[in-house]
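In what follows, a structure is listed as structure tokens, so that the remarks can point back to it.
The values are calculated or read from the model by the stated rules, or taken from the named source; none is laboratory data. Computed from a predicted structure; not experimentally measured. Every residue, glycine as well, gets a Cβ built from its backbone with ideal geometry; the counts of neighbours run over all protein chains shown. Just so you know, the surface numbers come from the protein's heavy atoms only, side chains and all, with ligands and any DNA or RNA stripped out. Shrake-Rupley method; radii C 1.70, N 1.55, O 1.52, S 1.80 Å.
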Amino acid sequence: MINNVGIIIQLSTFLLLLGQQQFAVAEATPCLPPPGLGNLLDTQEKCNCFYSFAASGIEDPSNFPSIYAEDSVLEFPQVGKYLHDGIAEYISFAMAGVFVSDYTRVGDPIFFDFTGSTAEQCVAVIAERGAWNLNTAFTQDNQAVCADVVTGVKFFYTMTGDQASPIIVHKQDVWLPDALVSDVFSLFVDSPAAAEYFCDVNVNTCNNNKKSPKKSAKSTKNMRPPKNSKAMENCVKQFNDLPSFSTSGEFTYVDGNTKGCRVVHSFFASTNDVHCPHISFEAEEDIFGLYKCNESAGRAPPDLFTDAELYFFEHVAPGMLELGDAIEIKMEACSNRDESGKSPTSAVA
């Protein structure tokens, strides 16, 4: 049963609201919800949690070092789990990297629920709409692709009382329509350009073509075979023999032994060799004792979200955000822009 239908708050009004509130958390004065949010913020704790989140600047990646702790975790169940620095890497991949040209937030986010928020821990459930332009250099036949998508996120965070850095996010759970994985990923991971990109990183950056029992992510630097070698040809063949993704029940996964997982981690490994073991064709332990792109963890959205939250993301939020379905895929470039005409990044996705 859904207890509320969500509240759309314009980001441009946040500073005004915060100025009126004068940080009730720090001042220990009664917290007054902004107009229209009384039912959503029906306790002092929820109200304080709202204002702290609104002031956090979490939509700006430059604030990530102060917002995410060393033990912070972002989990997108069908794609993987990311820790601290890996959170910024994942967001970089998803928002504007090699395979995604840009991400544009469309409209304002919806604050759906703060249930479970206490003085010790805040819980905020939010939905937003955003449009992804895929990089045509990596799509099949260089086809322009726009994915207009609703993203749902549950944040678990604590309030610091510090106006400069008002929250620390400890856990961030991400929901995206399954079709983003099953339909959109295959539009770029199956392209010849994606295979070449992956193998260039795998062979020429990570040197994963040569086996060594003592090899680790730290030992791959400065050990590059010549480009366009036989190793590249063998790598492309092995890559193309992999499935794009795996399925289990009604969900699609790219965190196992798939092209999708290796494309994601090759993007990370291109600048951070800690990820090199993740893209090896042989299961290889990384410096943290973890194996990636080997077996899917099999985590599903119901493991992280309630039925009410999932129903809201899939069936209610799209209408509120003026999108027909939770995802719309068009074989053309996205035309959406925010009011400033820019394409902002966002920590929500």
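Scanning the stretch 298-349 for residues that are modelled with pLDDT of 95 or more, surrounded by fewer than 15 Cβ atoms within 10 Å (Cβ to Cβ) and either among the basic types (Lys, Arg) or touching a Gly at 6+ places or on another chain (Cβ under 6 Å) (or both) yields a count of 1.
Every listed requirement among (1) under 23 Å from Pro177 (Cα atoms); (2) at pLDDT 95 or above is met by Ser117 save one, (1).
Look at Ser165 and say whether it is crowded, with 20+ Cβ neighbours inside 10 Å and small (Gly, Ala, Ser). For Ser165, the condition - crowded, with 20+ Cβ neighbours inside 10 Å and small (Gly, Ala, Ser) - is not met.
If you check every pair at least six apart or on different chains, which have Cβ atoms under 9 Å apart with a residue in the stretch 266-290 that is over 26 Å from Ala193 (Cβ atoms) first and a residue that is basic (Lys, Arg) and open to solvent by 50 Å² or more (accessible area, probe 1.4 Å) second? What qualifies is Asp286/Lys292; Ile287/Lys218.
Okay, residues lined up against (1) assigned to a loop (DSSP other than H, G, I, E, B); (2) open to solvent by less than 30 Å² (accessible area, probe 1.4 Å):
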position	(1), (2)
Ile58	yes, yes
Asp71	no, no
Leu74	no, yes
Lys81	no, no
Gly107	no, no
Thr118	yes, no
Ala124	no, yes
Thr136	yes, no
Val150	no, yes
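From the list Ser101, Ser66, Ser62, Ser92, exactly one residue is in a strand (DSSP E or B), among the hydroxyl-bearing types (Ser, Thr, Tyr) and open to solvent by 10 Å² or more (accessible area, probe 1.4 Å). Which is it? When all the criteria are applied, what remains is Ser101. A count restricted to the stretch 273-292 and to residues that are out of contact with any Phe, Trp or Tyr (no Cβ under 9 Å at 6 or more places or on another chain) and either on the phi > 0 side of the Ramachandran plot or crowded, with 20+ Cβ neighbours inside 10 Å (or both) stands at 5.
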